[in-house]
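The values are calculated or read from the model by the stated rules, or taken from the named source; none is laboratory data. Quantities reported herein were computed from a predicted structural model and do not represent experimental measurements. Don't worry about glycine lacking a Cβ; one is built from the backbone with ideal geometry, like all the others, and counts go over all protein chains shown. Calculation scope for accessible area: heavy atoms of the full protein, side chains included, ligands and nucleic acids excluded. Shrake-Rupley method; radii C 1.70, N 1.55, O 1.52, S 1.80 Å.
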Amino acid sequence: MPDTLTMVVSEGRLRDGRVADIGITGDRITAIGDPNTLRAASVIPAGGRLVTESFVNAHLHLDKVHTLDMVGDAALLAYTAGSMGAAMTGIELARAVKERYDRSWILPNVRRALQDAVRFGTLHILAFTDVDTTGRLEGFQAVVDAREEFKDVLDIRVVAFPQDGVVRDPGAAELCEQAMASGADVVGGIPWIEYSDADAARHIEWACALAARLQRPVAMLVDDASDPSLTTTAMLAEAMIEHGLQGRGIACHARAVGSYGEPAQRRLAGLALRAGLGFVSDPHTGPGRLPVDLFDRLGVAVALGQDDIEDAYYPFGRNNMIEVAFLAAHALGFLSKHDQERLLNFVTTGAARVLGVHDHTIAEGNVANLAIHECEDVPALLRNHVAPRWVVSRGRVAAETQERTSFIWDRGRSD
Ligand SMILES: [Zn+2]
């Protein structure tokens, strides 16, 4: 144990039920000891509360947050109607907002969503930003500015995302390349939006070639409608292998995969494993969903994403990944205690695996990114889905939340 711990989380309950002191030096966990054995000037008195890793939001459209009132309900109703044609109509309607894109009004919305992230202990975010001929680089720039503002507490990975396609929207590819040269971390894509499989293949080829050249990962929205004829997920996995991008790709949504027969789902899972392609499912934001249970059982890396926060596609959301897991429990039928534990993995350790965040577990030597909750076990955590009592980012307390109810109604009787 190091002589000089800077912080101790005393009597924290780990997920296996064990109560322990967690010692931190600087930004790292440096000791895990018996309860009340570690000392430091700064102490978080967990007192038997559940301590988990901080949360990972593996898919968020960060430039669009809090824009629903600029669009109205038409786009939302179209996107959630269930058909591919309607989903595309929703995206067209949502595009109206981007004609008014300006970083000056986008940045305050992004800040609000990121403050929520800190409050709810969501310290890693894969942030998609629309980069196209309508929105230009305005949303991207606002998110890059916010990434800088929050860099001491949040890990934000910015995706240059051509929301309207690259064949359909000539000029978008060049803008994305400009964004990659101006600080974007990940090459984005949305091949299913193109008008033909040949165009989708061109879209994927462009993105994977660019990622390989820049040595960056790719993250794409694939097959985002319940239509079994959509197969861009497999195309992405094959292109990753061709371009030597194994382990550096993320497939978001993949709703069509849920409408494949099980043999086709298993083939795709095998291909994804070979490509090292991770998946992010957002079952609360639209109809159709990735077969999360099967993919997870087959060893494919799976995460849950918030996807949207009060935008044209989804009216709620607050960067609270326990809330996302709570919604997924219903949408996916993950209700047993065992499945609740799996859900928690999908927003912590498993989601970190999808993002390529290494060593995101509570263990000596790893970064001290922790959430200390008001409850003692995972079912209570999901049931309550409230902000953690304390959020520790890189060894420092980043947020503290206290919720308290005073019962007044029967005071006359009990006093
Ligand atoms: Zn999305």
> For the chain, what is the accessible area per residue in Å², given a 1.4 Å probe and the full set of protein chains?
Replying inline: 39
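Report the FRET efficiency, 1/(1 + (r/R0)^6), for Glu376 and Glu205, where r is their Cβ-Cβ distance and R0 is 41 Å, rounded to 0.05. Display every interim value, and only then the final one.
On the way: r = 51 Å, r/R0 = 1.24.
The calculated FRET efficiency here is 0.20.
Could the peptides 282-293, 15-26 be put in order, highest first, of the mean number of other beta-carbon atoms found within 10 Å of their residues? Present the calculation step by step, with values, prior to reporting the outcome.
On the way: 282-293: 22.9, 15-26: 18.2.
With the highest mean Cβ count within 10 Å placed first, the list reads 282-293, 15-26.
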> At q = 0.23 Å⁻¹, what log₁₀ I(q)/I(0) does a Debye calculation on the Cα points of segment 239-361 give, no solvent, two decimals?
Replying inline: -1.44
> Along each of its three principal axes, how wide is the spread of alpha-carbon positions in segment 71-160, in whole angstrom units, largest first?
Replying inline: 42, 27, 21
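On the protein heavy atoms, probe 1.4 angstrom, tell me the percent of accessible surface of the chain carried by carbon and sulfur. List each step's numbers first, then the result.
Working: 8040 of 16280 Å².
Its accessible area is 49 percent carbon and sulfur atoms.
Return the tail of the calculated pair distribution for segment 181-312, meaning the percent of Cα-Cα pairs more than 27 Å apart. Write out the running numbers ahead of the final one.
Numbers: 1093 of 8646 pairs.
In whole percent, the long-distance tail amounts to 13.
How large is Rg over Rh for segment 81-120, taking Rg from the Cα atoms and Rh as the Kirkwood inverse mean of 1/r across Cα pairs? Can you show the working numbers first?
On the way: Rg = 14.5 Å, Rh = 12.3 Å.
Radius of gyration relative to Kirkwood radius: 1.18.
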> List the lysines whose alpha-carbon lies under 29 Å from that of Lys98, not counting same-chain residues fewer than 8 positions away?
Replying inline: Lys64, Lys151
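Sum -39500 (n - 2.57) across every DSSP H segment of at least 4 residues in the chain, then divide by the residue count to get the 222 nm mean residue ellipticity, nearest 500. List each step's numbers first, then the result.
Values: 15 runs with 154 residues, N = 415.
The helix contribution divided over the chain gives -11000 deg cm²/dmol.
Largest first and in whole Å, give the semi-axes of the chain's equivalent ellipsoid, each being the square root of 5 times a Cα gyration tensor eigenvalue.
Numbers: eigenvalues 264, 106, 96 Å².
Output for the chain: semi-axes of 36, 23, 22 Å.
Which values, in whole Å and largest first, are the semi-axes of the equivalent ellipsoid of segment 223-269 obtained as the square root of 5 times each eigenvalue of the Cα gyration tensor? Show your work: numbers first, answer last.
Values: eigenvalues 79, 25, 14 Å².
After diagonalising the Cα gyration tensor, the semi-axes are 20, 11, 8 Å.
Can you pull the Kirkwood radius for segment 1-140, inverse mean 1/r over Cα pairs, to one decimal in Å? Write out the running numbers ahead of the final one.
Working: mean 1/r = 0.0541 Å⁻¹.
Across segment 1-140, the inverse of the average 1/r is 18.5 Å.
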